[in-house]
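**Student:** Please see the structure below; I have some questions.
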Amino acid sequence: MREAEVRRLLAANLLCALAIVLTAVAPAFFLDGFSVLGTHLTWLCVCSVCVATLNIILHLVLKPNQSPKRRSFAHKISRFLKCCIYFFMSCILFHAIIVLYGAPLIELVTETFLFAVLLSTFTTLQCLCLLGPNIQAWIRVFSKNGAMSIWESSLQITSVCSILGAWFGAFPIPLDWDRPWQVWPISCSLGATFGYMAGLIIAPLWIHWNRKQLTYKSR
Amino acid sequence: MRLRSGVFASSCLLVQALGVALFLRGFFPVPVRSVPRREARADPPAEPAPPGPGMVSNWTKIPPPLFKKVVIVLIDALRDDFVFGSKGKQFMPYITQVVEKGTSYSFIAEAKPPTVTMPRIKALMTGSIPGFIDVVVNLNSPALLDDNLIWQAKTAGKRIIFYGDDTWVKLFPKHFVEYDGTTSFFVSDFTEVDDNVTRHLDRVLKREDWDLLILHYLGLDHIGHMTGPNSPLVGPKLREMDNILKKIHVSLLSKEEASLPNLLVVCGDHGMSETGSHGGSSEGEVHTPLLFISSAFGKRSAPLAQPQHVQQTDLASTLAIGLGLPISRNSVGNLILPVVGGKTMREQLRFVHLNGFQLSRLLQENTPAYEKDPGYEHFKIAEKSHGNWIKLYLEGNNSEILLNLGKKVLKQYLEALKTLSSSLSKQVAQYDIYSMMVGIVIIMEVLILLLLSVPKALSRQAEFEVPLSPPLFSLLFYLMCLMLCAVHVIVCTSAESLCYFCSMSWLTAVGVMMLISALMCGILSAIAKILENYRLPSKNPVASSYNWSEIDVLILAGTIGHVLSLGASSFIEEEHQTWYFLINTLCLVLCQELCRNNFLLKECDLQHSTSVKQNFDSIGESSECKNIDIPAESNSKLGKATSSSEFVKGSDKWISLATPWIILICCRLLRSLNQTGVQWAHRPDFGHWLTSSEHKSELSFLAAVSLLMIFFLVQRRCSLVSKIAMALGLLGVYSYRAATGNVTFPWQHDGKDISKGITEARFVYVFVLGIVFTGTKDLLKSQVVSADSSTKSTGLWEVYSGLVLLAALLFRPHNLPVLVFCLLIQTMMTKYIWIPLKFDAAQITIMHYWFGQAFFYFQGNSNGIATVDISTGFVGLDSYVEIPAIFLTAFATYAGPFLWAIHLLCYLSSEVSRNSAAVGHGCFCYALMRSIPVAIYVVLVTGLRYHLFIWSVFSPKLLYEGVHVFITAAVCLFFTAMDQNHSYKVQD
């Protein structure tokens, strides 16, 4: 196993986690009355945008999937547009799933949608960065033993962790503690964020520990 | 003895039901508080003797009555804001005027849960707090044997007249010189119940031959049940009540003589929640108004601030004082002082002393260490200063000082009373710990036995050896029996409190002890066997190589998570959320499974050789793909793959992919049909929109479409006769609903004549019985003649469709979509998910169980007593008949789980060709799924028995769980019977 690559992955992931922590702390210096719980929607926007930008930058810098072919500019543009459409569709899909899970249909649409955006950022955006708008590849990666590089393993782990985090985040909602973080969608989005961060940290460690078993075969 | 898993599971569940019954009996003890009233005629206490020799107060008799005639007007479900709020101002002008300016005292009386009529009447009249078990016997109220106000009044020679809810007549038989009971069970009757009370009023008010008049009006409660507190019907009803109260008040005033004033008491037995039901402990249900109106009270000068809060039990003591009667012995209420505020200081002190003496005597009878109780200490101190005060008084001291001193004593008394009654109220929950423990031991042992036998019961043969004789003749068994009997003797001879299990006959007790030790020996031998197998691991490598799919992980996590969530009161209140969450996740996981089956397997087929063969050591999909051409094995996962090629076919594929999403959408729609639970129960939901009177035509349309859909979904597997019967039955359901006024026929516009629809309902019953009978006949035929299995599956389906028809009759019209979606989901799941994906019987059973639970809540149930729809017990019945009413109510309440269980049986028995043990597996899993939560919950409730919410949250849930166990036991017996047929056939 290439140790260096694992180290690069670790660095990138730590950077992402740090960015999330910063989104919770830093805007308070620029915006009046900012807090994660109080102005949750703002934080959702900030966090999504930051994670998205950072992911794209990291992807451009690190180039985890070396594609040897040089492609035309037009192709790149169409690819980018496709990515945008995919991202938007995944937001809609997540929104629909959240509503099916019982979120109010008409009220709190902004909250639900921003939560869907956050979830898409944590899952779909990474897929788009790494795999491109290629559904077949997605299905391959998310089936058992489908990962073909440590980046894909990391993608698997972080996505599953974010979704699981959001899933577990719904648990405290029915409790009658009347805490500010029980308000929809705070507990779920916090759950997703913690899940994502946990995934970011777990992924390199897991890959490191299981490096003997992980024998990635290229197609 | 060899047992099949089905038989084993149902016998285990029966034993468990016995344990649950014992536990419930211990948990809800019949409260035995004080000595029976016949022996309770102790003399009333004298005034406390002043210190020093020579001086004795001569006031030993009960003080004379303060009021001549008393009229109690009890308006069922009168919430406090109906009188004191904006509704009261708008619709009850006379009462508002009396409250604000007249000679009256108004309070908000807090009712203790369960806020159901009969316990509340008991509380009002005895002053005690009835146990929770009163809810269960609410429908069948026997005579009240405790010391109570009515009995005291009758013994004192007062003439009592009663009109209203006949619960009173049952509670106090032969107490009233004149009565007319109205039955409270026709919930849809808003006017006649009250007219039946009011029609006597004019005549009675003119007469002089009574002392106490009690009127109990039910109309408001009925309106609440049917349409909720904000319905337009509430206003006119309140206005009607206001007019009645005005009439009574005016008549009382006109008849008043100089000697003694009259008293009018207006109260509610309980309030109503925002949905119009009651039984729980939300603020609207608990707060009721309590008005005392009499010319004896001073005119109010200042406008009234917020009315003071008192306990509902305080009425009994106050009325007893007001009528010059001894306070009932079990009363925990306090005298409401303002009512006697016009009397002299000596009289007031005498009243509170009587009250305090009664409370402290009750405390003495119930607590061994009563002397240390702060309330008792306070009372003793107050009594002493009372004595001093009397000394001063008898000495003729009549100054300002005496009055001030009296006020101080009064304050001391009031504080003592408050402490006394709160420490008495705490004691109401006396648990019969020993019976509970025996119940828990039985339940837990059964659970452990079931868990230990999982691997064998779910094996291919679904049969295992139950080592019955070795444990039964072992030394351990006898030793344990002896020991337990010894424990029983020790506990029963040493216990002071009443214990149900001890009061059973010795033979029964020994039988239970033998059962416990036999179960224990069974567990031990099962463990021994497992250890034996464990030592020889080479023989069965199956267990270790079993690979967990996502479904299995979800099922396990969901079951454990749900069981753990039962420890938190909020999760119990909102249990529907847990189930909705779980079945949503289940659908998503199923969707993923379907995707994998559709896309990946095809891909594997195409590029069979290249990519896949490299993953030799993997166990996932790749191995499945490889195994496509290997003949089917018992492993379901491998079987799944073999079917894939025939499965993936054009449009079918897309429908099957869409199935989980359609089911998800159905569930989302159902969720918004009935808001249930506690926190979000007040949210507007579709069901309320439909039931409101403006949307009758929409409701009619929906009901008609639903009935049509039910017919189409059910008929496809029925025989011709049943099809016709089904159609006629569903027509009957619609005409029944039209007759009761819930829906309208399109040609009928002025549906004024609302009847009980008895003929229509009986018409439907005939078809239900006919269809079920046809089904049973087919089942018997398939058993006796040993015909092909199609007869059997038709028979089962016919039984199922008969039950669906019964449910359609009993469900409220706005709930008919629940039934439609239930059938739709079952059909889609069977066709596109369960059969193609070839799940094993255990997984299918658990999915059925989950959906059944979710449908329990979809139909509007919750874990509170209030949502039980007792009106279903009267469909097609002229009057209250106990057995059918209980059966119908139980069926309507548990229709969701029950229908899913029967569907499971239909499905599994059609699966028999593939897996001969399917029904046995299903039965075992179903029993296990039921016994896990109930066992854990019983332990949790025992631990939490002093929790604040034990009566409002945990106890109703316990009742629901208990009833569910009994129903599941019945279902499992039915399963076993079906399994039996099959096994005979195999042997033939």
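**Student:** Which of the residues in segment A:129-159 show a loss of at least 50 Å² in accessible area from their chain by itself to the complete set of protein chains, at a probe of 1.4 Å?
**Tutor:** Residues losing area: A:ILE139, A:LYS144, A:ASN145.
**Student:** Sort segment A:64-219 into rounded, prolate or oblate with this rule: let a ≥ b ≥ c be the square roots of the eigenvalues of the Cα gyration tensor; rounded if a/c is under 1.5, and if a/c is not under 1.5, prolate when a/b is larger than b/c, oblate otherwise.
**Tutor:** oblate
**Student:** Do the alpha carbons of any pairs in B:LYS174/B:LYS237; B:LYS792/B:LYS957; B:LYS380/B:LYS408; B:LYS101/B:LYS408 sit beyond 25 Å of each other, and which pairs?
**Tutor:** Correct reply: B:LYS174/B:LYS237; B:LYS792/B:LYS957; B:LYS101/B:LYS408.
**Student:** Would you mind calculating the relative contact order of segment B:149-300 from Cα pairs under 8 angstrom and at least 6 residues apart, reporting the percent as a whole number?
**Tutor:** Taking the mean separation of contacting Cα pairs over the length of segment B:149-300, I get 19 percent.
**Student:** Any idea what the relative contact order of segment B:239-365 is, in percent, if you count C-alpha pairs under 8 Å spaced at least 6 apart?
**Tutor:** The value is 16 percent.
**Student:** A follow-up question, please. Relative contact order, percent, of segment B:69-334 when contacts are C-alpha pairs under 8 Å separated by at least 6 residues? Could the numbers behind the result be given before it?
**Tutor:** On the way: 559 pairs, mean separation 101.0, N = 266.
That works out to 38 percent.
**Student:** Counting Lys +1, Arg +1, Asp -1, Glu -1, what net charge surrounds B:ARG683 among other residues with beta carbon under 14 Å of its beta carbon?
**Tutor:** Result for the neighbourhood of B:ARG683: -3.
**Student:** Please find, in a Gaussian network model of chain A (springs between Cα atoms separated by less than 10 Å), the residue of A:CYS84, A:CYS47, A:CYS161 whose mean-square fluctuation is greatest.
**Tutor:** Of A:CYS84, A:CYS47, A:CYS161, the Gaussian network model singles out A:CYS84 as fluctuating most.
**Student:** Of the candidates A:LEU108, A:LEU37, A:LEU54, which one comes out as most mobile in a Gaussian network treatment of chain A with C-alpha springs shorter than 10 Å?
**Tutor:** Residue with maximal mean-square fluctuation among A:LEU108, A:LEU37, A:LEU54: A:LEU108.
**Student:** Next up: What accessible area per residue, rounded to a whole number of Å², is obtained for chain B using a probe radius of 1.4 Å?
**Tutor:** Computed with neighbouring chains in place, this is 41 Å² per residue.
**Student:** Can you find, among B:LEU362, B:ALA416, B:PHE351, the residue farthest towards the positive end of the dipole of segment B:334-433? Put +1 on the C-beta of Lys and Arg, -1 on that of Asp and Glu.
**Tutor:** So the residue we want is B:PHE351.
**Student:** I would also like to ask the following. Rounded to a whole number of µm²/s, how large is the Stokes-Einstein D of the protein assembly as shown at 37 °C and 0.692 mPa s, given Rh as the Kirkwood radius over C-alpha pairs?
**Tutor:** The estimated diffusion coefficient comes to 95 µm²/s.
**Student:** I'd like the antiparallel share, as a percent to the nearest 5, of DSSP beta bridges with both residues in the protein assembly as shown.
**Tutor:** 35 percent
**Student:** Let me ask another. Once you sort the root eigenvalues of the Cα gyration tensor of segment B:750-883 as a ≥ b ≥ c, which label holds: rounded (a/c under 1.5), prolate (a/b larger than b/c) or oblate (the other case)?
**Tutor:** It comes out oblate by the Cα gyration axes.
**Student:** Could you give the Stokes-Einstein D for segment B:257-348 in µm² per second, using the C-alpha Kirkwood radius, 25 °C, 0.890 mPa s?
**Tutor:** Here the translational diffusion coefficient equals 161 µm²/s.
**Student:** Placing +1 at every Lys and Arg Cβ and -1 at every Asp and Glu Cβ, with all other atoms neutral, what dipole size does the protein assembly as shown have around its Cα centre, in debye to the nearest 20?
**Tutor:** So the magnitude is around 2200 debye.
**Student:** Can you give the log10 of the normalised intensity I(q)/I(0) at q = 0.11, 0.13, 0.17 Å⁻¹, computed with Debye over equal Cα scatterers of segment B:689-779?
**Tutor:** Cα-only, vacuum Debye calculation for segment B:689-779: -0.36, -0.49, -0.76.
**Student:** For B:LYS247, which aspartates and glutamates qualify as cross-link partners when the Cα separation must be under 14 Å and same-chain residues fewer than eight apart are set aside?
**Tutor:** B:ASP202
**Student:** While we're here: Around B:TRP797, what is the net charge, scoring Lys/Arg as +1 and Asp/Glu as -1 over all other residues with Cβ under 13 Å from its Cβ?
**Tutor:** Net of charged neighbours comes to +2.
**Student:** Could you compute the longest span of chain B free of GluC sites (Glu not before Pro) located in DSSP loops and having at most 14 other Cβ atoms within 10 Å, not counting the site residues?
**Tutor:** So the longest stretch without any such site is B:634-988.
**Student:** Just want the answer: with Cβ charges of +1 for Lys and Arg and -1 for Asp and Glu, which residue in B:THR275, B:LEU475, B:ILE95 is farthest toward the dipole's positive end in chain B?
**Tutor:** My answer, from the dipole projection, is B:ILE95.
**Student:** Cα atoms only: what Rg and Dmax, in Å, come out for chain B?
**Tutor:** 33.1, 116
**Student:** With solvent modelled as a 1.4 Å probe, how much accessible area in total do chains A and B shield from it at their shared surface, in Å² to the nearest 100?
**Tutor:** Chains A and B together bury approximately 2300 Å².
**Student:** Then there is this: With a 10 Å radius around each residue's Cβ, average the other Cβ atoms per peptide and rank B:806-817, B:65-76, B:715-726, highest first.
**Tutor:** Details: B:806-817: 24.9, B:65-76: 22.6, B:715-726: 17.5.
Final packing ranking: B:806-817, B:65-76, B:715-726.
**Student:** Can you tell me the dipole magnitude for segment B:69-334 around its Cα centre, using point charges on the Cβ only (Lys, Arg +1; Asp, Glu -1), in Debye to the nearest 20?
**Tutor:** Once rounded to the nearest 20, the dipole reads 680 debye.
**Student:** Then there's this: In chain B, what % of DSSP beta bridges are antiparallel (nearest 5)?
**Tutor:** 35 percent
**Student:** Let me ask something else. Which shape class, rounded, prolate or oblate, goes with segment B:69-334 when its Cα gyration tensor gives a ≥ b ≥ c as root eigenvalues, a/c under 1.5 marks rounded, and past that a/b bigger than b/c marks prolate?
**Tutor:** Because its axes are fairly even, with a/c under 1.5, segment B:69-334 counts as rounded.
**Student:** Calculated from DSSP H runs of 4 or more alone, at -39500 (n - 2.57) each and per residue, what is the 222 nm mean residue ellipticity of the protein assembly as shown, nearest 500?
**Tutor:** -19500 deg cm²/dmol
**Student:** Next question, about the same structure. Mind putting a number on the dipole of chain B about its Cα centre? Charges go on the C-beta only, +1 for Lys and Arg and -1 for Asp and Glu, and I need it in Debye to the nearest 20.
**Tutor:** 740 debye
The values are calculated or read from the model by the stated rules, or taken from the named source; none is laboratory data. Quantities reported herein were computed from a predicted structural model and do not represent experimental measurements. Positions of Cβ are generated from backbone atoms using ideal geometry, with glycine treated the same way; all protein chains shown enter the neighbour counts. To get the accessible areas, we keep the full protein, side chains included, count just its heavy atoms, and leave off ligands, DNA and RNA. Shrake-Rupley method; radii C 1.70, N 1.55, O 1.52, S 1.80 Å.
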